[in-house]
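Colleague: Can you keep this structure in mind? I'll have questions shortly.
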Amino acid sequence: MSAAMCAFILTLSSALGPTVVSGVLGAPTHVRLTSYDMNLVLMWDPPEGPASSIVYSTQFKSSVSLDFDKVGCVNISNLECDLSRLNTIFQYAKYTGRVRAQSGTESSAWMESNPITLDKDTVISSPDVSLSSNGAAIEVSIKDPVFMISALREVYHSATYNITYWQHGQREKARSKSNIQQSRVVLNDLDPWTKYCVQVQIIITDRNPSKPSAAVCESTTSKAEAPWVAAVVTFGVVAMSVALVVVAVLYRKHISHFLCPKDALPQHFKEYLLAPPNSSMYLAMRNSHPPDEIYNQVSVIADGRTPEEPLEAAGSKQPDAT
Ligand SMILES: *[C@@H]1O[C@H](CO)[C@@H](O)[C@H](O)[C@H]1NC(C)=O
Ligand SMILES: *[C@@H]1O[C@H](CO)[C@@H](O)[C@H](O)[C@H]1NC(C)=O
């Protein structure tokens, strides 16, 4: 009975221990600096032990400075702070963050995070992949993930795509095209009327690849509509037009000679063409006289009044002119 009582008291005192014993506020725990697509976010867990109305403040620094000279979030109650939203950060820099808790007038110690080198450590999300089938071929369009700062290809010049594709339901027989730099790729070694699935991953030398994209699927149709057929037909039409123009320019004399021959027309053709037409309509028109125009005679009679000013003006000007 007394032993049980003793154990109970011991358990109770150890449970209440941290708050009862220390008047000092515990520091946040599990502090980590993370980066996804070139952002910079500090995260942490609350201090151990019960505490009410805790707020947190964060700071960070790049590896070249000694002090935590950049301020992140101040007096926030949530457990993360997006430092890249509040500050300018640089893609090749190495950063460390820290956070402390505050409750009323009490402040905890600062708790430092792991360091992060942005271009090496940032987690690159998957590219965005869309497919369009074109006959027995499938065109894959790839969009890079959007970075918080800069663009994927500006940070990683060596980035290439690894495109994996397989017949729906036969993942184990997947084929892949690697070292692809274009964002539009045509898969044309496919069977017609078959469903294929495609997954793309961004490969970067000396660091982790991106997350693979979710598999997207599309069905091929008949072979005839393959895009290269259209391309060949278009090319053929253009080539023939060009050839025709060239031939027309080179042989324009021969052609004009052919179209407007110098040879005289046979005599009976000329006679036929030059003979007066004998259609009754034409004859009627030719023999008719133009209709008489009807008119009335109009006489203009002066009323005796003469305009004065023009005369005066003419009279006054004459002496000046002489
Ligand atoms: C943060 O909270 C502390 C303590 O409550 C206060 O002294 C300080 O002015 C606050 N800072 C800001 C920027 O709100
Ligand atoms: C491309 O992806 C496939 C499937 O995930 C994998 O087997 C292959 O090794 C990858 N190639 C490269 C160059 O990463």
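The values are calculated or read from the model by the stated rules, or taken from the named source; none is laboratory data. As the structure is a prediction and not an experimental result, all values here were calculated from the model. Cβ atoms come from the backbone with ideal geometry, glycine included; neighbour counts cover every protein chain shown.
Colleague: Looking at the range 72-85, can you tell me whether even one residue there is closer than 17 Å to THR122 by Cα, touching a residue at least 12 places away in the same chain (Cβ under 8 Å) and touching a Ser or Thr at 6+ places or on another chain (Cβ under 6 Å)?
Modeller: There is at least one residue in the range 72-85 that is closer than 17 Å to THR122 by Cα, touching a residue at least 12 places away in the same chain (Cβ under 8 Å) and touching a Ser or Thr at 6+ places or on another chain (Cβ under 6 Å).
Okay, residues lined up against (1) touching a Lys or Arg at 6+ places or on another chain (Cβ under 7 Å); (2) more than 16 Å from ligand 1 (Cβ to nearest atom); (3) aliphatic (A, V, I, L, M); (4) part of a strand (DSSP E or B):
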residue	(1), (2), (3), (4)
VAL129	no, yes, yes, yes
SER133	no, yes, no, yes
ILE138	no, yes, yes, yes
ILE142	no, yes, yes, yes
MET148	no, yes, yes, no
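Colleague: Name the residue that is farthest from ligand 2 (Cβ to nearest atom), counting only residues in the range 50-67 that are surrounded by 15 or more Cβ atoms within 10 Å (Cβ to Cβ) and closer than 16 Å to GLN102 by Cβ.
Modeller: The extreme case among them is ALA51.
Colleague: Can you name the residue in the range 104-113 that is on the phi < 0 side of the Ramachandran plot and out of contact with any Pro (no Cβ under 7 Å at 6 or more places or on another chain) and is also surrounded by the fewest Cβ atoms within 10 Å (Cβ to Cβ) among such residues? So that I can check it myself, show each step before the final result.
Modeller: Taking the range 104-113 as the starting set, the residues that turn out to be on the phi < 0 side of the Ramachandran plot are 105-113.
Add one more test, that the residue is out of contact with any Pro (no Cβ under 7 Å at 6 or more places or on another chain), and what stays is 105-107, 109-110, 112-113.
Details: THR105: 6, GLU106: 12, SER107: 14, ALA109: 13, TRP110: 17, GLU112: 16, SER113: 20.
Per the stated criteria, the residue is THR105.
Colleague: Then there's this: Taking the stated definitions as given, is SER158 within 16 Å of ligand 2 (Cβ to nearest atom), in the same structural domain as GLN199 (by TED's automatic domain parsing) and not in a strand (DSSP E or B)?
Modeller: On the way: within 16 Å of ligand 2 (Cβ to nearest atom): yes; in the same structural domain as GLN199 (by TED's automatic domain parsing): yes; not in a strand (DSSP E or B): yes.
Yes; evaluated as a whole, the condition is true for this residue.
Colleague: Next question, about the same structure. Checking the conditions here, which among LYS223, LYS262, LYS195 is among the charged types (D, E, K, R) and modelled with pLDDT of 95 or more? Break it down stepwise before answering.
Modeller: Details: LYS223 fails: modelled with pLDDT of 95 or more; LYS262 fails: modelled with pLDDT of 95 or more.
Result of the check over LYS223, LYS262, LYS195: LYS195.
Colleague: Within the range 163-240, which strands (runs of 3 or more DSSP E) (wholly inside it) include 2 or more residues that are of a type in the set (Val, Ile, Thr)?
Modeller: Details: elements: 175-180, 184-187, 195-203, 216-219.
The strands (runs of 3 or more DSSP E) meeting that bar are 184-187, 195-203.
Colleague: Taking the residues in the range 174-196 that are among the charged types (D, E, K, R) and more than 15 Å from ligand 2 (Cβ to nearest atom) as candidates, determine which candidate is surrounded by the most Cβ atoms within 10 Å (Cβ to Cβ).
Modeller: Pass one, the range 174-196, residues among the charged types (D, E, K, R): 175, 177, 184, 189, 191, 195.
From what is left, the residues that are more than 15 Å from ligand 2 (Cβ to nearest atom) are 184, 189, 191, 195.
On the way: ARG184: 10, ASP189: 10, ASP191: 11, LYS195: 13.
Residue satisfying both the conditions and the ranking: LYS195.
Colleague: Another one. Picking from GLN167, GLN199, which residue would you name as being within 16 Å of ligand 2 (Cβ to nearest atom), under 21 Å from the mean Cα position of the chain (by Cα) and not basic (Lys, Arg)? Spell out how you get there, then give the answer.
Modeller: On the way: GLN167 fails: under 21 Å from the mean Cα position of the chain (by Cα).
From the options GLN167, GLN199, the qualifying one is GLN199.
Colleague: Take the residues in the range 41-91 that are within 14 Å of ligand 1 (Cβ to nearest atom) and at positive phi, then tell me which one is modelled with the highest pLDDT.
Modeller: In this case the residue turns out to be ASN75.
Colleague: Oh, and also: Checking ALA101 against (1) in a loop (DSSP other than H, G, I, E, B); (2) within 16 Å of ligand 1 (Cβ to nearest atom); (3) on the phi < 0 side of the Ramachandran plot: exactly one of these is not met. Which one?
Modeller: Only one criterion is unmet by ALA101, namely (1).
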